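Asker: Take this structure, written in structure tokens, and hold onto it; I'll ask about it next.
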Amino acid sequence: MTPQVDEALLRSLVPGVLAILGRRGADFAAAEDAVQEALLEALRVRPADRPRDPKGWLVTVAWRKFLDATRADAARHRREERIEREPGPGPAPAVDDTLQLYFLCAHPSLTPSSAVALTLRAVGGLTTGQIARAYLVPEATMAQRISRAKRTVAGVRLDRPGDVATVLRVLYLVFNEGYSGDVDLAAEAIRLTRRLAAAVDHPEVAGLLALMLLHHARRAARTAPDGSLVPLAEQDRGRWDTELIAEGVDILQAALARGRPGEFQAQAAIAALHADAPTVEETDWAQIVQWYDELVRLTGNPVAELNRAVAVGEADGPRAGLAALAALDDSLPRHAAVAAYLHERDGDTATAARLYAEAAGKAPSLAERDHLTRRAARLNARRSR
Amino acid sequence: MAKYLLLKHYRGAPAPVNDVPMDRWTPEEISAHVRYMQDFAARLERTGEFVDSQALAPEGTFVRYDGEGRPPVTDGPFAETKDLIAGWMVIDVDSRERAVELAGELSAAPGSGGKPIHEWLEVRPFLTAHPPTTE
């Protein structure tokens, strides 16, 4: 019996196969195309019939694809001869190869959407079709986005380590995309961040991984069966994944102990304090406000200030929250939603209902718009009774 | 990574700078215009930003439910309708600034005299399905 080789295993092999082709002298763009083709060929085979040594198989097929592509290109004639005389497979891929691949795919010369697409294909081993469906664009567009990204990084030399912050930014974007198409992007982001955390010892990598685990742990409770949003305060905490929470908290505590704070550790700390509360009433809002202070200090991000106003409203009462909100620019996204919530807590139903309706009109997502409309409707119904 | 609709109006948008109806252009000017639109879409495909482009017939019908077991009621077309959509392009870009930049280029499509039409295009962001997980 041939052991069943599943898609997840095949995909996890992609960076290593890419590294072997690179060591045999293939340039990144051509090697990446060849590996993608080999992967597609492997995926076409029924799982039960897939080769016993999938990595060796992928290397062989990808190398053949690479040589075919190179041969087909007459202009590359001389180079082809050189490559054909290259020695066989090099040593097993080192951890550094994977890390370099992350840096290359998240290179600062790439736009965020290009970096995301290239990372998902070259590091994540997703097919162009899967990435296109996940981001709801035509496959041809996604293919062009990826080739263009590869052309952009073609001249990049990776003799120095890149900036890990650029990689984290890309993984954070993937995580936040959630679930669409046939790929669970949040789970994919977690897988890629785990792999990065294994390759590089950095407290912010750990912080991001912890943040993802802590949010992912609440995913089942975040939406009702009809797809509507369930706010944190109303979530069934019995549906939170306690194993993921425990793992996230452990990773975060080890990171914080290093004494090198960063925005992802601060965000994870806030998520951990929520996860730690058995009921919403037992939430340690005072500590959450302190972490938001830290987050604002680290990033100056106005979205953090907006969330901080909500936390202040819980810690010191809605009036204090409204006072914190008054200092912020009211053109910020979700400003009206926060104001509505604080006015509702303050008992000013009329203002809250008006602001919820206003916030619904400005909501950047369908789920939020429906949620805010329902809240406005509920308050209006209560007032007219 | 956000989708925007670039909406082209037959009517309802402010008047373009080069405001000559298309049936008064020369055939060559029309061809140049069509070629510009095709080239624009092809270029966006190469930059990995193209999602969709469609044109609509100007005449449509209003339809509504008319109760259980009854056929839908139809009405129109209404010649006097103020706003009339001619078509659209959907793009997937990294920022609102990029969406505005591209709408500006699309609005430069040549019209009468081979000069840019400077027509007004409406730029509308798509709502995403869900909010970001971590916010």
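Asker: Go over the candidates B:Arg70, B:Arg98 one by one and state the one that is over 16 Å from the mean Cα position of the chain (by Cα) and either among the aromatic types (Phe, Trp, Tyr) or more than 14 Å from chain A (Cβ to nearest Cβ) (or both).
Answerer: Selected residue: B:Arg70, the only one of B:Arg70, B:Arg98 that is over 16 Å from the mean Cα position of the chain (by Cα) and either among the aromatic types (Phe, Trp, Tyr) or more than 14 Å from chain A (Cβ to nearest Cβ) (or both).
Asker: Ok, one more. Which helices (runs of 4 or more DSSP H) sit wholly inside the stretch A:245-356 and have at least 3 residues that are among the small types (Gly, Ala, Ser)?
Answerer: A:263-276, A:302-316, A:318-326, A:335-345
Asker: A:Ile190: within 10 Å of the chain's Cα centre (by Cα) and of a type in the set (A, V, I, L, M, F, W, C), yes or no?
Answerer: yes
Asker: Pairs, please: C-beta under 7 Å, at least 6 apart or cross-chain, first residue buried (at least 20 other Cβ atoms within 10 Å of the Cβ) and in the stretch A:184-212, second among the acidic types (Asp, Glu)?
Answerer: A:Leu185/A:Glu177
Asker: Can you go through B:Gln38, B:Gln54 and tell me which one is within 14 Å of chain A (Cβ to nearest Cβ), farther than 28 Å from A:Asn176 by Cβ and outside any loop (DSSP other than H, G, I, E, B)?
Answerer: Answer to the selection: B:Gln54.
Asker: If a residue has to be small (Gly, Ala, Ser) and at pLDDT below 95 to count, how many in the stretch A:203-220 make the cut?
Answerer: Final tally of qualifying residues: 1.
Asker: Same structure, new question: State all residues of the stretch A:142-183 that are over 21 Å from the mean Cα position of the chain (by Cα) and either surrounded by 18 or more Cβ atoms within 10 Å (Cβ to Cβ) or within 12 Å of chain B (Cβ to nearest Cβ) (or both); if no residue qualifies, say none.
Answerer: A:Gln144, A:Ser147, A:Arg148, A:Arg151, A:Thr152, A:Val153
Asker: A:Ala304 - would you say it is under 21 Å from the mean Cα position of the chain (by Cα), free of Cβ contacts under 8 Å to residues at least 24 places away in the same chain and within 18 Å of A:Val338 (Cβ to Cβ)?
Answerer: yes
Asker: From (1) within 19 Å of A:Ile270 (Cα to Cα); (2) within 11 Å of chain B (Cβ to nearest Cβ); (3) of a type outside the set (Asp, Glu); (4) crowded, with 23+ Cβ neighbours inside 10 Å, pick out the condition that doesn't hold for A:Tyr135.
Answerer: (1)
Asker: Please go through the stretch B:17-33 and pick out each residue that is loosely packed, with under 11 Cβ neighbours inside 10 Å and assigned to a helix (DSSP H, G or I).
Answerer: Passing the criteria: B:Asp23, B:Arg24, B:Pro27, B:Glu28.
Yes/no per residue for (1) surrounded by 14 or more Cβ atoms within 10 Å (Cβ to Cβ); (2) within 11 Å of another protein chain (Cβ to nearest Cβ); (3) in contact with a strand residue (DSSP E or B) (Cβ under 8 Å, 6 or more places away or on another chain):
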residue	(1), (2), (3)
B:Gly87	yes, no, yes
B:Val90	yes, yes, yes
B:Val93	yes, yes, yes
B:Trp120	yes, no, yes
B:Thr134	yes, yes, no
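Asker: Does A:Glu358 satisfy the criteria of being in contact (Cβ under 8 Å) with a residue 40 or more places away in the chain and either within 14 Å of chain B (Cβ to nearest Cβ) or not hydroxyl-bearing (Ser, Thr, Tyr) (or both)?
Answerer: Against the criterion (in contact (Cβ under 8 Å) with a residue 40 or more places away in the chain and either within 14 Å of chain B (Cβ to nearest Cβ) or not hydroxyl-bearing (Ser, Thr, Tyr) (or both)), A:Glu358 does not qualify.
Asker: Of everything in the stretch A:264-284 that's surrounded by fewer than 18 Cβ atoms within 10 Å (Cβ to Cβ) and of a type in the set (A, V, I, L, M, F, W, C), which residue is nearest to A:Asp329 (Cα to Cα)?
Answerer: Checked the stretch A:264-284; the qualifying residue nearest to A:Asp329 (Cα to Cα) is A:Val280.
Asker: Quick check on my filter: what residues within the stretch A:361-385 are in a helix (DSSP H, G or I), closer than 21 Å to A:Ala309 by Cβ and either touching a residue at least 12 places away in the same chain (Cβ under 8 Å) or under 27 Å from the mean Cα position of the chain (by Cα) (or both)?
Answerer: A:Lys362, A:Glu368, A:His371, A:Leu372, A:Arg375, A:Ala376, A:Leu379
Asker: All but one of (1) within 15 Å of A:Val289 (Cβ to Cβ); (2) surrounded by fewer than 22 Cβ atoms within 10 Å (Cβ to Cβ); (3) in contact with an Asp or Glu (Cβ under 9 Å, 6 or more places away or on another chain); (4) away from chain B (no Cβ under 14 Å) hold for A:Asp316, so report the exception by its number.
Answerer: (3)
For every residue, the table says whether it meets (1) assigned to a helix (DSSP H, G or I); (2) in contact (Cβ under 8 Å) with a residue 60 or more places away in the chain.
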site	(1), (2)
A:Arg11	yes, yes
A:Ala29	yes, yes
A:Ala42	yes, no
A:Pro51	no, no
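Asker: Here's a follow-up. Would you please list the contacts, defined by Cβ atoms under 8 Å and residues six or more apart or on different chains, that run from a residue in the stretch A:161-173 that is within 24 Å of B:His130 (Cα to Cα) to a residue that is assigned to a loop (DSSP other than H, G, I, E, B) and among the β-branched types (Val, Ile, Thr)?
Answerer: Taking only residues 6 or more apart or on different chains, the pairs are A:Tyr172/B:Thr134.
The values are calculated or read from the model by the stated rules, or taken from the named source; none is laboratory data. Quantities reported herein were computed from a predicted structural model and do not represent experimental measurements. Note that each Cβ is placed from the backbone with ideal geometry, even for glycine, and that neighbours are counted across all protein chains shown.
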